[in-house]
Amino acid sequence: DTAVSQTPKYLVTQMGNDKSIKCEQNLGHDTMYWYKQDSKKFLKIMFSYNNKELIINETVPNRFSPKSPDKAHLNLHINSLELGDSAVYFCASSQETQGIETQYFGPGTRLLVL
Amino acid sequence: GENVEQHPSTLSVQEGDSAVIKCTYSDSASNYFPWYKQELGKRPQLIIDIRSNVGEKKDQRIAVTLNKTAKHFSLHITETQPEDSAVYFCAASRAAGNKLTFGGGTRVLVKP
């Protein structure tokens, strides 16, 4: 009955590789997000999708490409991985209720680029 | 865009004492202010939130206050317990559907 799930939980890979992280939510929410949390714990939004449409695209390198096949899934593909991409990536989802959109986070994917 | 500053970055308190974390924001149009707790190796989880039409909100040992004029809001934890040890994040957003901007986080350590 996991609300927001991500796979894989851990990802160790070499520089230059291409990798994908998957996110699924079973809450029926319309909006999904990707966040990056660096080693200093700073949480920064990368992308947001609403009903499969991109609505927020922060200043993120083109090597990062989100894809939303349906409103319950938001995947993140990263090309040509660099050392600086090492971080924890959190997926989140939300649904507007009385003007508020509470965001629920997935468990995170710990990416280590060697 | 919105900028959220959070202080202190670390906070050490004795069990049973109170802890206060303060945040300031820059966008006067922000109207939703959630607080998240992140335990080591876990996901951020919402613990309390406040809307701009309310000045204070309480939930058991935690409370949040909001001063819209001064553009700052605070989290208060009373009677702290070791399980309150975590990183706490404040955040602000303009309206539903808009992005959350997070503060830098406060690492709280409750010493038994």
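The values are calculated or read from the model by the stated rules, or taken from the named source; none is laboratory data. Computed from a predicted structure; not experimentally measured. Methodologically, a virtual Cβ is constructed for each residue, glycine included, from the backbone with ideal geometry; neighbour enumeration extends over all protein chains shown.
Numbers at a glance
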{"quantity": "Breaking point among (1) under 11 Å from A:K36 (Cβ atoms); (2) more than 10 Å from every other protein chain (Cβ to nearest Cβ); (3) aliphatic (A, V, I, L, M), for A:A72", "calculated": "(1)"}
{"quantity": "Count - residues of the range A:89-112 that are part of a strand (DSSP E or B), facing chain B (nearest Cβ under 9 Å) and among the polar types (S, T, N, Q)", "calculated": "4"}
{"quantity": "Matching residues, the range A:1-40, being outside any strand (DSSP E or B) and under 20 Å from A:L54 (Cα atoms)", "calculated": "A:N26, A:L27, A:G28, A:H29, A:D30"}
{"quantity": "Candidates B:T80, B:T24, filtered to the one that is closer than 27 Å to A:Y33 by Cβ, more than 14 Å from chain A (Cβ to nearest Cβ), modelled with pLDDT of 95 or more and surrounded by 17 or more Cβ atoms within 10 Å (Cβ to Cβ)", "calculated": "B:T24"}
{"quantity": "Identity of the residue in the range A:75-88, more than 14 Å from chain B (Cβ to nearest Cβ) and in contact with a Gly (Cβ under 7 Å, 6 or more places away or on another chain), that ends up surrounded by the most Cβ atoms within 10 Å (Cβ to Cβ)", "calculated": "A:L81"}
{"quantity": "Scope the range A:40-85; condition hydroxyl-bearing (S, T, Y) and either touching a His at 6+ places or on another chain (Cβ under 8 Å) or free of Cβ contacts under 8 Å to residues at least 40 places away in the same chain (or both); matching residues", "calculated": "A:S48, A:Y49, A:T59, A:S65, A:S68"}
{"quantity": "Given (1) part of a strand (DSSP E or B); (2) exposed (fewer than 13 other Cβ atoms within 10 Å of the Cβ); (3) within 14 Å of another protein chain (Cβ to nearest Cβ), number of the condition B:K58 does not satisfy", "calculated": "(3)"}
{"quantity": "Qualifying position, being over 10 Å from the mean Cα position of the chain (by Cα), among the hydrophobic types (A, V, I, L, M, F, W, C) and under 21 Å from B:N3 (Cβ atoms), among B:L75, B:L109, B:L100", "calculated": "B:L100"}
{"quantity": "Checking A:T59 against (1) of a type in the set (S, T, Y); (2) over 24 Å from B:Y32 (Cβ atoms); (3) within 14 Å of chain B (Cβ to nearest Cβ), the condition it does not meet", "calculated": "(2)"}
{"quantity": "Selection status of B:T101, within 11 Å of another protein chain (Cβ to nearest Cβ) and touching a strand residue (DSSP E or B) at 6+ places or on another chain (Cβ under 8 Å)", "calculated": "yes"}
{"quantity": "Any hit, the range B:27-42, residues being out of contact with any helix residue (DSSP H, G or I) (no Cβ under 6 Å at 6 or more places or on another chain), on the phi > 0 side of the Ramachandran plot, within 14 Å of another protein chain (Cβ to nearest Cβ) and not polar (S, T, N, Q)", "calculated": "yes"}
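Conditions (1) closer than 19 Å to A:K9 by Cα; (2) not aliphatic (A, V, I, L, M), marked per residue:
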| position | (1), (2) |
| --- | --- |
| A:N51 | no, yes |
| A:E58 | no, yes |
| A:P66 | yes, yes |
| A:P69 | no, yes |
| A:N75 | yes, yes |
| A:S80 | no, yes |
| A:A92 | yes, no |
| A:I100 | no, no |
| A:R110 | yes, yes |
